[in-house]
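Worksheet: the structure to be examined is printed underneath.
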Amino acid sequence: MPLNFDNVIKFPKRMGQLKDFSSMKFGGHHPCDIDVAYEKDGVFVFGELKLAGVDLPIGQALLLRHLCQAIHNSGNACLIFVAEHDTKPEEIIDVGECIVTEIMYSWDGKIKERSNINKPANYVVGRYLERWKDGQVKK
């Protein structure tokens, strides 16, 4: 079946284009990318995809943690997830089917963390978003 990226990815041929961050080093730190970014009604979701068995680099983990804390401190909700895949470089990663290994999220006025989630990303994100309506917790 041919892939259809209409309205999801505007320039699929550019997705694989390498980016050189070497000229963007400030104070000993390079930028990193974030694989998933989503916002709806003040609920922010960020995700990072890693090949199974590969750890999240410490700088990227700190960036995501600080991003979640800043969003939480602003009065909005945030979910950060790390998910694994085992695809080959020439294969397309189905992000929704990647298995979430850990999450950090704002809930009940606190930042919480969980590991060993072992659920697909589309399930984890969907469940978190279901609990919020227009930025308010659904009871």
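The values are calculated or read from the model by the stated rules, or taken from the named source; none is laboratory data. Worth saying up front: this structure is predicted, and the values here are computed from it rather than measured. Please note: Cβ atoms are built from the backbone with ideal geometry, for glycine as well, and neighbour counts cover all protein chains shown.
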**Item:** Residues of segment 13-49 satisfying the condition of being of a type in the set (Val, Ile, Thr) and in a strand (DSSP E or B)
**Value:** Val36, Val43, Val45
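When you go through Leu64, Leu56, Leu3 one by one, which is the residue that is at pLDDT 95 or above and either outside any loop (DSSP other than H, G, I, E, B) or over 17 Å from Leu129 (Cα atoms) (or both)?
Leu64
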**Asked** Taking only pairs six or more apart or across chains, which ones have beta-carbon atoms under 6 Å, a first residue in segment 40-66 that is under 18 Å from Ile111 (Cα atoms), and a second residue that is in a helix (DSSP H, G or I)?
**Response** Phe44/Ile71; Val45/Val125
**Message:** Restricting to segment 65-100, name every residue that is touching a Leu at 6+ places or on another chain (Cβ under 9 Å) and surrounded by fewer than 20 Cβ atoms within 10 Å (Cβ to Cβ).
**Reply:** Glu84, His85, Asp86, Thr87, Ile92, Ile93, Val95
**Prompt:** Of (1) modelled with pLDDT of 95 or more; (2) more than 12 Å from the chain's Cα centre (by Cα); (3) within 29 Å of Lys133 (Cα to Cα); (4) surrounded by fewer than 17 Cβ atoms within 10 Å (Cβ to Cβ), Ile117 satisfies all except one. Which?
**Reply:** (4)
